[in-house]
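J.: This is the structure, below, for whatever I ask next.
Read the figures in this text as sums done on the coordinates, not as results from a lab. Remember, it's a predicted structure, so these values are computed and weren't measured experimentally. As a convention, Cβ positions derive from the backbone with ideal geometry for all residues, glycine included, and neighbour counts pool all protein chains shown.
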Amino acid sequence: MMDDRSDEQLDEWIREAAHSYHSPPPAPAPREEMWHAIQAARRTANVRPIRRPIRWLAWSVGVAAVLALGVSIGLIIASDRSAPIPIAAGDDPSATTPQHVSAALAVVTTEYLTQAETFLTLFRDAVRTGGASSYASGTARHLLATNRLITDSPAGADPVLKELLQDLELVLAQIAQLSEDSWEGETDLITDGIEQRAVLTRLQTVVPAGTLRGAFSL
Amino acid sequence: MARSTDGRTAADDRRLVADVLAGDPAAERRLYDANVDRVYRLAYRLTGDPDLAQEFTQESFIRAFDRLETFRGDAKLSTWLNAVATSVIFNGLRKVKRFRQREVDLDLATQRASDRAEAEPDLKERLHGAIDDLPKGYRAVFLMHDVEGFTHEEIGRSLGIRPGTSKAQLSRARAKLRQSLAAFAGGITG
């Protein structure tokens, strides 16, 4: 057992030796590089305002787009299950063949996945900038409903797409649960989940390049 | 009295903050220049990784500028910035830890197996390992006080704890480190 003097000597040695723990390099901090990064980030934040009312507006625009998409999917699925109906005004009802339904489903599925990708990107950015991610829950609920419609449709029979839709459902369900009272770590866990399941990467793989991503753009 | 490394007074801080909030870009740069080395140093000390230190320093200033209007002037600006930085660093480390946990587990398993076969690591390595093993709060207090020279008042404000708690945690941190190095104490003190 060590006495007090030994403790003091050991403490002194520890203090001295601890300076080599994670010792910053002798070179100065990369000031200019960091300053430019900070300025760039702040400029981006100014271009894309992050205050709650604006975000709320952005999510709301998203809700409208998703609702419209959900209605489209509903119509297509209905047309597949019952008598042929026109997909768009002016179409010849007799032209609504299974091929047409399949093509229409492919279009709305792509549109949905595009919206989901944009939404998750926005959500992740909102979490990173420390903000109003709870406003996303409404949009997530609508996307979730659309997700289930597509999963149940013939489009959901594709195994790769089905797996992606299932992972999306999990993420969207978590976001839909968010509220003003949610703790900060909850959003972090969701974004971690998005990363771990590579949801965004897989969405980007599935969605053709050049697809319009305007529904949630600010 | 809180340690002052930059010689700034509370009035200087308030004037600088007012200029930044008024949109003066030169004032923003002055605030950054006056504090960036210390924030980077702290981030490096707590992460041990140059990329993370840079990322967390940037994030600290982005957040500080974003929330500067909440600076009330009842603490030094540098202390307020420390609080922002430690929050960013700890949150960042938590995320990094989750991502890296699997890799670390694998690395540790390999490392421990090879450690047993090799000679004991030297004392500094053992100390570094012991610091790594300290609970997060103890480690932060120990590094901030014994290595970076912060006062308990500054640590308390930065970590959101009372100065007395900071003192107690430092004492426990030192005791744990002594305990970890006990087997080698004779070589150090003898």
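J.: If a paramagnetic tag sat 7 Å from the Cα of B:ARG14 along the Cα-Cβ line, which residues of segment B:64-96 would have the backbone N under 19 Å from that point?
T.: B:68-81
J.: Once the Cβ-Cβ distance between A:LYS162 and A:LEU189 is put in as r, and R0 is 25 Å, what FRET efficiency do you end up with, to the nearest 0.05?
T.: E(calc), rounded to 0.05, equals 0.55.
J.: Tell me the trypsin sites (Lys or Arg not before Pro) within segment B:23-88 that lie in a loop according to DSSP and have at most 16 other beta-carbon atoms within 10 Å.
T.: Here the trypsin sites (Lys or Arg not before Pro) that fit, given the DSSP loop and packing criteria, are B:ARG67, B:ARG72.
J.: How far apart, in nm, are the 7 Å Cα→Cβ label points at A:LEU170 and A:GLU33?
T.: 3.6 nm
J.: For labels at B:ASP133 and B:THR70 in the simple 7 Å Cα→Cβ model, what's the distance in nm?
T.: 3.7 nm
J.: Just want the ordering: B:SER87, B:SER60, A:SER179, from fewest to most Cβ atoms lying within 10 Å of their own Cβ.
T.: The order, fewest Cβ neighbours first, is A:SER179, B:SER87, B:SER60.
J.: Further, regarding this structure: Averaged across A:20-27, how many Cβ atoms of other chains sit within 10 Å of each residue's Cβ atom?
T.: If you average over the peptide's residues, the count of other-chain Cβ atoms is 6.
J.: Can you give the mean number of other chain Cβ atoms that lie within 10 Å of the Cβ atoms in peptide A:187-196?
T.: Mean number of neighbouring Cβ atoms from other chains: 2.
J.: Additional query: Report the charge-dipole magnitude of segment B:131-180 in Debye, nearest 20, computed about the Cα centre from +1 at each Lys and Arg Cβ and -1 at each Asp and Glu Cβ.
T.: 240 debye
J.: Using only atoms on other chains, find how many Cβ atoms lie within 10 Å of each Cβ of peptide B:136-147 and report the average.
T.: 2
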